[in-house]
Each structure stands twice: as structure tokens, then as C-alpha cells.
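Data first, discussion second: the structure below is written as C-alpha cells.
The values are calculated or read from the model by the stated rules, or taken from the named source; none is laboratory data. Just so it is clear, the model here is predicted, and its values are computed rather than measured. Ideal geometry is used to build each Cβ from the backbone, glycine not excepted, and the neighbour counts take in all protein chains shown.
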Amino acid sequence: MPFSGQNFKVIAISPGIAVGRVQPIRRKGAPGAPVLHEISPEMVPAELERFRQCVRDTREQLIALTQAVRTKLHTEDAGIFDAHLMLVDDLSLTSEVEKRISDNLWPAEYALYDTAEYFVRVFSNIQDEFLRERAADIRDVFDRLMGNLSKQERRKTDRDDRRIIVANSLSPSETVSLDNSRILGFAIETGSATCHTAILARSMRLPAVAGVPAEVINSLSADDKIIIDGFSGRLIVNPDDRTEESYRLRAKSAVEFYHKLERDKRLRPETTDGFEIDLAINIGSADGIAELKRSGASGIGLLRTEFLFLETRTLPDEETQFEIYKKMLIAAEDAPVIVRTMDIGGDKLDNNIFRSSESNPFLGLRGIRLCLYERRDLFETQLRALLRAGVYGNLRIMFPMVSSVLEVLEVRRIISELQARLAEEKKEFLRKPVLGVMIETPAAALMADELGKHVDFFSIGTNDLVQYTMAIDRGNERVAYLYKPAHPAILKLIHTTVAAARKHNIYVSVCGQMAADPELIPLLVGLGVNELSAESGSLPLMRRVIRSISLYDAARVAEAAMASPDAYTSLELSLDLLKRCVPELFTENIAGKERK
Ligand code: PEP
Ligand code: MG
């Protein structure tokens with residue numbers, strides 16, 4: 001392996017250290033094809049057995065179907081299933097799949113997919129019309145086989161068998177479908193700490209790195225072992241024994257340190273001079289609500305509703321959404337739950353929800369823009385579901401990607417209209433919904449004073465605020481070096497937002513990744529925000545930092561940082577305070593990591 005022993009500086013996107021063998025994912029085939037990851041030679045017998053079991057299940061189903069059709073309908077209608085049964089029994093077809101599993105080291109799904117494509121292609125090109133039409137039968141049979149295969153339990157992976165996924169990219173929907181119990185983490189080429197794949201990795205507590213050079217990704221195979229360090233951003237290929245041992249020790253010590261921090265979860269997140277900062281959690285699934293109690297958070301600071309639909313890739317109807325929101329609000333008891341209306345666009349849902357082929361989706365019809373101008377139907381469905389569910393708990397509704405007061409006024413008008421309709425329908429609904437906006441465009445931050453007249457709270461989305469202020473694509477690893485939330489330009493925008501919130505006496509939270517970064521927390525506390533919201537795994541560390549610094553010191557650091565010439569200088573000011581007040585962050589290698 002050409003890169004053996006080499007240690008690469010990459011981008012840390014989800015904390016944790018993983019040491020293990022590689023599971024490479026290669027993208028082949030049309031969109032919608034199953035992801036191809038090589039399996040190890042030892043996994044071949046189990047994968048063959050999965051496929052054979054799936055063939056047996058499919059046979060049984062087809063026999064049952066044939067009998068059912070024969071008794072209920074006409075004999076000739078059952079002929080179709082007889083033909084399908086013959087295909088399943090056709091040895092040339094099954095042996096092709098098995099060959100692909102054993103020879104190519106492909107998982108059964110991909111082997112089945114590839115064989116289907118091959119047969120459909122061959123049959124579609126045949127001159128004889130009767131045989132050509134068999135292509136549709138083949139497709140049907142393969143779909144049935146694939147359905148049965150996906151229901152098969154995979155062999156439970158031994159702990160030692162868990163691997164590190166290596167791929168050029170992973171989309172948010174591929175990331176949510178990863179099985180935590182089967183993998184140790186992932187290393188990808190394309191991505192950064194604030195792309196949505198990274199956000200999901202953190203909520204799944206999977207160590208991950210991005211920015212791995214393509215040559216390295218392409219050269220790794222299932223026999224290679226790698227270390228990924230999701231704290232400092234390192235990837236080491238085939239480490240020697242000493243390096244591996246030292247990383248295993250570091251991983252153990254990090255786990256112990258985090259365990260210790262978890263014990264403090266009942267302690268109030270207040271500064272040493274008694275100023276309390278609310279700690280809330282960001283979630284992206286209905287189950288995420290369980291994290292509320294587990295983490296000791298004060299509420300849900302951000303529910304990314306578009307993530308609820310990542311796997312199905314469609315937005316459900318009003319009733320389904322109403323049930324989801326209602327259940328969550330009841331489970332949260334009286335804790336505030338900030339539900340953000342769907343923020344589709346950018347790098348999120350790969351769309352059949354809206355017709356996107358924009359050349360620059362992050363500057364396109366994303367978030368509230370899509371809702372107001374193209375898919376008002378989806379927006380109204382979601383708002384109706386929220387207004388109805390809101391009577392069951394402490395709901396706050398938030399709107400993403402706002403860049404003008406006019407958008408807020410339009411949203412308010414739509415809500416009034418929907419309320420009037422709900423009243424006519426004699427449905428129960430929230431009469432005075434608490435409404436807020438994300439401050440994630442420079443325009444919104446600069447106009448916070450105006451926006452503050454029309455909303456009940458602000459939540460600063462630093463992931464996008466940095467992207468739009470610094471003019472860098474947040475998912476592009478090539479400009480990730482410019483992604484600096486400590487940049488004085490960003491601090492000034494947050495300062496302007498907090499000042500407007502104070503003037504209008506409204507609450508201001510930060511729900512971007514900056515809120516979870518221990519090195520940046522003194523700056524946010526010093527700027528005077530009321531709440532920090534992040535993935536639940538980050539809360540123990542956030543609590544420790546808040547409880548170790550004073551508001552007085554943090555405010556002085558924030559003021560000096562705003563006046564500093566660049567992001568490095570302002571970050572140094574924050575680090576100086578942390579070195580004095582939370583030295584364990586440095587001994588544990590959590591802060592002061594390489595940033596340039
Ligand atoms: C943000 O932009 O900071 C934010 C929290 O929203 P998202 O990451 O979903 O764009
Ligand atoms: Mg955002």
C-alpha cells in the first residue's frame with residue numbers, strides 16, 4: 001500500500017478516535033444503486049447464505065402467490081407467477097449473483113443489483129419481441145429478491161469486525177442509513193465540519209474526518225488498517241504498533257474524560273460569577289427527543305425537520321406530521337421545543353421534493369424562500385400540523401434562511417390565514433404561536449433590529465452565517481481553512497444581533513456548530529447570548545467550559561476579539577482564557593489543536 005505509515009492532516013468533523021480496518025465504498029451504477037462497499041473475504045460465506053436464504057424466501061412467496069391466485073382468480077392469471085418462479089430457479093441467474101459476491105467481494109445487494117442490470121440489458125436488446133418483454137419480468141423478480149434481501153438480518157458483526165468506512169463522499173441520507181453497530185467511523189474526501197453529513201455523524205456519535213486526499217481514498221482496500229482522529233483531524237494509514245497503541249490509549253483517555261464530564265449533567269450551566277446560559281440540544285429525528293432527559297438539556301434548541309424525512313425523501317401529509325410533532329411535544333413535557341420549518345436546498349435532501357438543478361443551491365431557493373415562492377403547499381401543510389400540535393406542549397416555530405423583514409411579514413400573514421381556516425374547521429390550534437427566525441445571513445444579522453420588532457426570538461445559525469459572510473461553501477473542504485467563526489466579522493454580526501435582541505427584550509440562542517466548540521464558547525458567552533444549542537454529545541464539555549469561566553472575563557475577551565485584526569488573534573484571546581480556566585482541555589488535547 002503506497003501510503004503505509006503516512007500521517008495526513010485532514011479535517012476533524014466528528015469527535016472521537018477510531019482504529020480499524022477499512023470498508024471502502026465505491027460509487028458505481030446509476031443513481032439509486034445500492035452503495036458498493038467491499039466485504040472482507042471472511043464475510044463471503046455469510047453473504048452467500050444471506051442471498052440463498054433470500055432466494056428460498058422468494059420461492060416460498062411466489063408459490064403462495066400462485067396458489068392464492070389459482071384459488072381466487074383464474075388459472076391463467078397465476079401463470080405470471082409461475083414464470084417468475086422459473087426465473088428464481090434459474091441457476092444461471094443465481095450463480096451470477098453468487099459469483100459476484102465471491103469473486104468481486106461485493107455485498108449481496110450490490111451483486112444482485114449488478115446482475116439485474118446485466119440481464120435487463122441483455123434482454124432489452126433482443127430482437128424477438130416476446131423475449132424482449134421478459135426484461136420486465138426479470139426486473140419484477142429482482143425487485144422482489146431485493147425486497148427480501150433487505151429484510152434479512154445481517155450476521156451480527158463481532159466487535160472486532162467493525163470497520164471504518166472510506167468514501168469520496170457520503171450524502172446526508174446515506175449517513176443516516178449507516179448502521180452504528182457495524183462501523184467505527186468514516187473518512188471522506190468531500191465535506192467539512194458544518195456540512196450536514198458531519199452534523200449527522202455527530203448526532204450518531206461516530207468519529208469522522210473529511211478532506212482525505214482522493215489518491216489515499218482510492219488506494220485503500222479492505223486489508224488496510226487506518227486510524228482516524230476526529231478531535232485533531234488526522235488520518236494514519238497502516239500505523240506501526242507504537243502509533244496504534246498510543247492512539248488506543250488516547251481514545252481510552254478521551255472516553256474516560258467524557259464519562260467524567262457526563263456526571264456533571266445535573267449541574268447548572270452557569271458562569272463562575274453566576275450568569276446562567278441555557279444549554280439546549282439539536283435533534284434531527286423523532287427519537288432524538290429521548291436525548292432531552294439523558295443530556296440534562298433545558299430544551300430542544302433546534303429540530304431540523306427536513307432531517308425527519310431524509311430516509312423517505314418525501315414530506316408526509318398533515319396528519320402524519322401532526323402525530324410526530326404532538327408525540328415529541330408531549331414527551332418534552334413543558335420544555336421548550338424549537339421546531340424549524342423545513343430547510344430544503346443547499347446540501348440537504350437530494351430532491352424529488354423540489355425541482356432543483358440550480359448551479360449554486362446554497363444561494364438558491366433554499367429554506368423559507370422555497371416555502372414562500374415555490375412549495376407553499378408543503379409549507380402550509382407543515383404549519384397546519386405545527387399549529388395543531390402546538391397545543392400539546394411548549395412549541396416555538398422557527399424559520400430558516402430569512403434575509404428580509406418582508407419574508408417574516410408574509411409568514412405571519414400565512415399563519416393568520418391558516419388559523420382562520422382551522423377555526424372554521426373547528427380544529428384545536430395554537431392561537432398565539434411563539435415565532436422566531438434564524439439569523440444566518442449577514443442581511444438578517446444587520447437587520448436584526450427590524451426583525452426583532454416582528455418575532456419572539458432569534459437563533460443564530462453560525463454554520464450558514466460564516467458561509468455567507470466569508471463567501472465559502474460550507475461543505476467544500478478546499479476552502480475549509482477559511483471557515484473561521486472567530487473571525488471578527490462574524491463576532492461583530494453576532495454582537496449586532498444580541499444588541500437588537502436586548503433592545504426588543506427577546507431571547508437569543510446560537511444553534512450552529514460554533515456553540516459546541518469549546519474554544520469559541522468564551523466568545524459567545526462574552527457576546528451575551530442566552531442559549532447555546534448543539535448535538536447532545538457536546539453538552540458535557542460545553543457545560544464544563546461555561547462553569548469554568550466568568551462572564552466578566554468572557555465579555556472582555558469578546559470585546560478585544562471583535563477589535564482584533566483576524567480570526568487567529570481573536571481565537572488566541574479565547575484560548576488564553578481557557579488555558580487559565582479550563583487547563584484540562586489542553587491536557588486532554590481537546591483544545592489548542594492545529595487550526596491552520
Ligand atoms: C446553521 O446554519 O448554523 C444551522 C444551525 O442550520 P443548518 O446547519 O441546518 O443549516
Ligand atoms: Mg443554516
Open item on the list: So the check is Cβ under 8 Å with 6+ separation or different chains; which pairs have a first residue in segment 441-461 that's more than 12 Å from ligand 1 (Cβ to nearest atom) and a second one that's part of a loop (DSSP other than H, G, I, E, B) and not small (G, A, S)?
Closed with: L451/V402; G452/I506; V455/I506; D456/I506; F457/I506; F458/I506
Open item on the list: Out of L145, L235, L131, L206, I need the residue that is surrounded by fewer than 19 Cβ atoms within 10 Å (Cβ to Cβ) and touching a helix residue (DSSP H, G or I) at 6+ places or on another chain (Cβ under 9 Å). Which one?
Closed with: L131
TODO: Given the conditions (1) in a helix (DSSP H, G or I); (2) within 14 Å of ligand 2 (Cβ to nearest atom), report the number of the one that L523 does not fulfil.
DONE: (2)
Task: Which listed residue is more than 12 Å from ligand 1 (Cβ to nearest atom) and buried (at least 22 other Cβ atoms within 10 Å of the Cβ), from L527, L482 - done: L527
TODO: Among the residues of segment 282-302, write down those that are more than 12 Å from the chain's Cα centre (by Cα), within 21 Å of L435 (Cβ to Cβ) and surrounded by 20 or more Cβ atoms within 10 Å (Cβ to Cβ).
DONE: G299, I300, G301, L302
- [ ] Quick one: G346 ticks every box in (1) at pLDDT 95 or above; (2) buried (at least 21 other Cβ atoms within 10 Å of the Cβ) except a single one, so which number is it?
- [x] (1)
- [ ] Starting from residues that are closer than 15 Å to K327 by Cα and assigned to a loop (DSSP other than H, G, I, E, B), keep the ones in segment 277-298 and report whichever is nearest to ligand 2 (Cβ to nearest atom).
- [x] G284
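Yes/no per residue for (1) closer than 24 Å to A335 by Cβ; (2) within 16 Å of ligand 2 (Cβ to nearest atom); (3) in the same structural domain as H454 (by TED's automatic domain parsing); (4) not aliphatic (A, V, I, L, M):
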residue	(1), (2), (3), (4)
L363	no, yes, yes, no
R375	no, no, yes, yes
F379	no, no, yes, yes
L386	yes, no, yes, no
S403	no, yes, yes, yes
- [ ] Check segment 496-514 and report whether any residue there is in a loop (DSSP other than H, G, I, E, B) and within 12 Å of ligand 1 (Cβ to nearest atom).
- [x] yes
- [ ] Taking the residues in segment 424-465 that are hydrophobic (A, V, I, L, M, F, W, C) and assigned to a helix (DSSP H, G or I) as candidates, determine which candidate is farthest from L386 (Cα to Cα).
- [x] L446
Task: Any chance R421 is more than 16 Å from ligand 2 (Cβ to nearest atom), in a helix (DSSP H, G or I) and surrounded by fewer than 24 Cβ atoms within 10 Å (Cβ to Cβ) - done: yes
Open item on the list: For segment 459-506, give me the residue count where each residue is away from ligand 2 (no atom under 16 Å from the Cβ) and acidic (D, E).
Closed with: 1
TODO: With respect to F429, determine if the residue is assigned by TED's automatic domain parsing to the domain that holds L491 and within 16 Å of ligand 1 (Cβ to nearest atom).
DONE: no
TODO: State yes or no: is V411 surrounded by 18 or more Cβ atoms within 10 Å (Cβ to Cβ) and away from ligand 1 (no atom under 16 Å from the Cβ)?
DONE: yes
TODO: Answer with yes or no whether V510 is away from ligand 2 (no atom under 14 Å from the Cβ), in the same structural domain as S403 (by TED's automatic domain parsing), in contact (Cβ under 8 Å) with a residue 40 or more places away in the chain and of a type in the set (V, I, T).
DONE: no
Open item on the list: Quick check on segment 104-124. Is at least one of its residues of a type outside the set (K, R), in contact with a Pro (Cβ under 9 Å, 6 or more places away or on another chain), in contact (Cβ under 8 Å) with a residue 60 or more places away in the chain and not assigned by TED's automatic domain parsing to the domain that holds E47?
Closed with: no
- [ ] List every residue pair whose Cβ atoms lie under 8 Å apart, where the two residues are 6 or more positions apart in sequence or sit on different chains, the first residue falls within segment 183-206 and is over 17 Å from E477 (Cα atoms), and the second residue, located anywhere, is among the polar types (S, T, N, Q) and away from ligand 1 (no atom under 16 Å from the Cβ).
- [x] I183/Q23; M204/N180; R205/N180; L206/N180
